[in-house]
Amino acid sequence: MAKPTKRQFSFEFKLAVVQRFLAGETQVALAQEFQLSSPILIKKWASLYRNEGEDGLRPKPKGRPKSPFGAPSQPESELQRLRRENERLRAEVAFLGKVQALRDEDRR
């Protein structure tokens, strides 16, 4: 029978259940005692606990992570913009020069 709402369990609750499971109690008995929807939930928590330790049972932040601190939050200065444009134009001139050299080579 499905529960009407999705339950969220605290870190302490998960840790207590996993510790009792690892001490030797069965998944089914623990699931019935704590009124969990499935004994598989205990198995997943135990797996997380074995792989990641206690941090695996802690709640994870939802959504996309915030941008890193090093990301530029302010617009670049005019000098930086002009330098970047200058680099782009030099690359364009070099490319066009190579294209022209290839065309001249084909004509010969």
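Quick note: the coordinates plus some simple rules give every number you see, no bench work behind them. Please read all numbers here as calculations on a predicted model, not as lab measurements. When we count neighbours, we look across all protein chains shown, and the Cβ atoms used for this are built from the backbone with ideal geometry, even at glycine.
Size of the chain from its Cα atoms: along the principal axes, largest to smallest, the extents are 86, 40, 30 Å.
Over all directions, the projected convex hull of the C-alpha atoms in the range 45-103 averages 9.4 nm² in area.
Of the residues Gly24, Leu48, Ser38, the one whose Cα sits farthest toward the positive end of the charge dipole of the range 11-57, with +1 on the Cβ of Lys and Arg and -1 on the Cβ of Asp and Glu, is Ser38. Entry note, the chain: the mean residue ellipticity at 222 nm calculated from DSSP H runs of n ≥ 4, each adding -39500 (n - 2.57), is -19000 deg cm²/dmol after division by the residues and rounding to the nearest 500. With semi-axes defined as the square roots of five times the eigenvalues of the C-alpha gyration tensor, the equivalent ellipsoid of the range 11-57 measures 17, 10, 9 Å, largest first.
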